[in-house]
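Visitor: One structure is given below, represented as structure tokens, and several questions about it will come after.
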Amino acid sequence: MTKLEPLNSAAAAFLSRVEHGLLIDGRETPALSGQSIDSFDPSTGQVLTRLAAGGPEDVDRAVAAARAAFEGSWSRWTPYQRQLLLIRAHDHLSAHYEELAQIESADMGAPISRTRAMKNAVLQMILFFASQAVNVTGETMQNSLAGNVTTLTLKSPVGVVGGIIPWNGPLISQWWILGAALAAGCTVVMKPAEDASLSVLRVVQMLHEIGLPDGVVNVVTGTGAVAGARLAAHPDVDRVAFTGSTATGRRIIEASAVNMKRLQLELGGKSPDIILADADLDKAVPGAAMGVFTNSGQVCFAGSRVFVHRSIVQEVTERLAAHAAGIAVGHAFDSTSQLGPLVSRAQLERVMHYIGIAPAEGAQLAGGGNRPEGSPAGGYYVRPTVFGNVHNDMTIAREEIFGPVISVIPFDTVEEAIQLGNRTEYGLGGAVWSRNIDSALQVVKSIRTGTMWVNCYGLIDPMVGFGGVKNSGYGIKGSRAHVEAYLATKSVYISS
Ligand code: NAI
Ligand code: MG
């Protein structure tokens, strides 16, 4: 048995608590129903702790706290004060980052090497939003009105934001919401995923440690069907930012009708990763492999359909399988693990189901497809898997698997690759590998998606952002447009 890294004392103290309450109005509180749900360690399948199961009445009191804070002293915080709060958050999280990395790894199973390596990404995102706090501008416009009329727009925070996020990386993904809300002057109720809520609870505690006023950020843990649904339908929530499945995204849209909530939705994907005949395979093969296997495939923009020119498809399939075979899969706290377990038993069963049905539809298993030998019993492990000879209409090429499974799909011409790449309900990510800039740009321009990478995969900078089209949702994350979406615009006409 490999030696596991020990928890540091802060993470051990947090993780050893038998139950974690809700965070409402700056205080920890049990669910009013008294109920809680088990939270599992994916590396072992053991119960890690328990989370308060927030009910509709708990969401209501969290929203009331957020509304009171929005209308109270928080509304008088200046942009520089909010910027300074975010800078202090950056410094505090930087000092306590190891604790957060360990909490995240224990909770959702990402290897400690990965959660540690995300430090810069988390901290830079906070810095990005700190910069946006002092970059909110309206406009003055000319007009053709009679008389002497001055026209301009004013910006104000939209109000109470509901943040509903998934389990695949809450340590970072919560910041897309917290950062924008704090920069814009909104208040928040977060509903993290039942499979990974702990880093959200700990981060929001840390924000209170550096002077976040009570009620500005509240956390209601619990199930999506109960707590999430109430938040999405709450008449006093002005905006919902949601990341998760397309099916749940549809429910969020329906629920938003109650008060015309503004929405940002980042939903499922089945992104095309297109390797042209002239690609540098020494870059394309590991790039395409990690474009899917990263975070055990639990990535919304995973390039899970790898289109390969027929002249090189056999070589690429073999090299992808060899790459997959070389990846170390194991316990999140084994520092040699490159991939950890999947987040839950349900996800493991889902991924194994897709792996199981693929051969019957004609896909050829080129590598993986099984549980790793020697990994801890009870954990939710699966080996990175490559299927060759996949057709774009097969189930594994159509549906989001959200696991470490690559479908290699051959093509003959660039036009065919574009056509097949676009034949999907989704439009989140995508990539092209080529030494020819003309062919690469042709693909970039022709794929209907929110984000394209050329000779790389999965790079994200909040300054640039990314978004989705089609059933992958709408509303960009990152860039100035992101904070803009947390602001309301008022048109003003001044006659003088
Ligand atoms: P999900 O979309 O149901 O859950 C995401 C979040 O929404 C969680 O916090 C959940 O509690 C909440 N939620 C669930 N039902 C809700 C409702 N009716 N109203 C409001 N909130 C609700 O996704 P789940 O069940 O965790 O995973 C299932 C599949 O969804 C995955 O296998 C994957 O294919 C996809 N998924 C995609 C993600 C992405 O980033 N593209 C992230 C997570 C899941
Ligand atoms: Mg967990």
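Visitor: Being under 14 Å from the mean Cα position of the chain (by Cα), surrounded by fewer than 23 Cβ atoms within 10 Å (Cβ to Cβ), part of a helix (DSSP H, G or I) and assigned by TED's automatic domain parsing to the domain that holds F70 is the requirement here; does I177 meet it? Steps first, please.
Guide: Details: under 14 Å from the mean Cα position of the chain (by Cα): yes; surrounded by fewer than 23 Cβ atoms within 10 Å (Cβ to Cβ): no; part of a helix (DSSP H, G or I): yes; assigned by TED's automatic domain parsing to the domain that holds F70: yes.
Considered against the rule, which asks whether it is under 14 Å from the mean Cα position of the chain (by Cα), surrounded by fewer than 23 Cβ atoms within 10 Å (Cβ to Cβ), part of a helix (DSSP H, G or I) and assigned by TED's automatic domain parsing to the domain that holds F70, I177 comes out as no.
Visitor: Still on this structure, please answer the following. In the range 192-207, what count of residues is obtained for those that are within 20 Å of G55 (Cβ to Cβ) and away from ligand 1 (no atom under 16 Å from the Cβ)?
Guide: 0
Visitor: Determine whether the range 256-273 contains at least one residue that is away from ligand 1 (no atom under 13 Å from the Cβ), crowded, with 24+ Cβ neighbours inside 10 Å and more than 22 Å from R61 (Cα to Cα).
Guide: Yes: the range 256-273 contains one or more residues that are away from ligand 1 (no atom under 13 Å from the Cβ), crowded, with 24+ Cβ neighbours inside 10 Å and more than 22 Å from R61 (Cα to Cα).
Listed here are the residues, each with its yes/no results for (1) over 30 Å from G330 (Cβ atoms); (2) in a helix (DSSP H, G or I); (3) in contact (Cβ under 8 Å) with a residue 60 or more places away in the chain.
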position: T44; (1), (2), (3): no, no, yes
position: T49; (1), (2), (3): no, no, yes
position: V59; (1), (2), (3): yes, yes, yes
position: A62; (1), (2), (3): yes, yes, yes
position: A66; (1), (2), (3): yes, yes, yes
position: F70; (1), (2), (3): yes, yes, yes
position: L84; (1), (2), (3): yes, yes, no
position: A89; (1), (2), (3): yes, yes, yes
position: L93; (1), (2), (3): no, yes, yes
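Visitor: In the range 12-49, which residue that is open to solvent by 70 Å² or more (accessible area, probe 1.4 Å), within 11 Å of ligand 2 (Cβ to nearest atom) and not aromatic (F, W, Y) is nearest to Y380 (Cα to Cα)?
Guide: Going through the qualifying residues, I end up with Q46.
Listed here are the residues, each with its yes/no results for (1) aromatic (F, W, Y); (2) open to solvent by 20 Å² or more (accessible area, probe 1.4 Å); (3) in contact (Cβ under 8 Å) with a residue 60 or more places away in the chain.
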residue: R345; (1), (2), (3): no, yes, yes
residue: V386; (1), (2), (3): no, no, yes
residue: H391; (1), (2), (3): no, yes, no
residue: E400; (1), (2), (3): no, yes, yes
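Visitor: All but one of (1) more than 16 Å from ligand 2 (Cβ to nearest atom); (2) open to solvent by 10 Å² or more (accessible area, probe 1.4 Å); (3) of a type in the set (V, I, T) hold for V188; which doesn't?
Guide: It fails just one condition, (2).
Visitor: I need every pair where a residue in the range 227-250 that is within 7 Å of ligand 1 (Cβ to nearest atom) and open to solvent by less than 10 Å² (accessible area, probe 1.4 Å) has its Cβ under 9 Å from the Cβ of a residue that is among the basic types (K, R) and in a loop (DSSP other than H, G, I, E, B), sequence separation at least 6 or different chains.
Guide: Short answer, once both residue conditions are applied: A232/K261.
Visitor: For L171, indicate whether it is within 16 Å of ligand 2 (Cβ to nearest atom) and buried (at least 17 other Cβ atoms within 10 Å of the Cβ). Break it down stepwise before answering.
Guide: Working: within 16 Å of ligand 2 (Cβ to nearest atom): yes; buried (at least 17 other Cβ atoms within 10 Å of the Cβ): yes.
Yes, satisfied.
Visitor: Of the residues G362, G374, which is at positive phi and either under 26 Å from the mean Cα position of the chain (by Cα) or at pLDDT 95 or above (or both)?
Guide: G362
Visitor: Which of the numbered conditions does A322 fail, given that it passes all the others? Conditions: (1) under 29 Å from the mean Cα position of the chain (by Cα); (2) not in a helix (DSSP H, G or I).
Guide: With respect to (1) under 29 Å from the mean Cα position of the chain (by Cα); (2) not in a helix (DSSP H, G or I), A322 is out only on (2).
Visitor: Another question, then. Within the range 163-175, is even one residue more than 13 Å from ligand 1 (Cβ to nearest atom), out of contact with any helix residue (DSSP H, G or I) (no Cβ under 6 Å at 6 or more places or on another chain) and free of Cβ contacts under 8 Å to residues at least 60 places away in the same chain? Break it down stepwise before answering.
Guide: Residues of the range 163-175 more than 13 Å from ligand 1 (Cβ to nearest atom): 171, 175.
This time we only want the ones that are out of contact with any helix residue (DSSP H, G or I) (no Cβ under 6 Å at 6 or more places or on another chain), so: none.
No, that holds for no residue.
Visitor: Continuing with the same structure: If you check S75 against the conditions, is it in a strand (DSSP E or B), of a type outside the set (A, V, I, L, M) and within 30 Å of P235 (Cβ to Cβ)?
Guide: Values: in a strand (DSSP E or B): no; of a type outside the set (A, V, I, L, M): yes; within 30 Å of P235 (Cβ to Cβ): yes.
No: the conditions fail for S75.
Visitor: Checking A289 against (1) surrounded by fewer than 24 Cβ atoms within 10 Å (Cβ to Cβ); (2) touching a residue at least 24 places away in the same chain (Cβ under 8 Å), which test does it fail?
Guide: Failing condition for A289: (1).
The values are calculated or read from the model by the stated rules, or taken from the named source; none is laboratory data. Computed from a prediction, not measured in an experiment: that's the story for all the values here. For neighbour counting, all protein chains shown are included, and Cβ atoms are generated from backbone atoms with ideal geometry for every residue, glycine included. Protein only, heavy atoms only, side chains kept; ligands, DNA and RNA dropped before computing areas. Shrake-Rupley method; radii C 1.70, N 1.55, O 1.52, S 1.80 Å.
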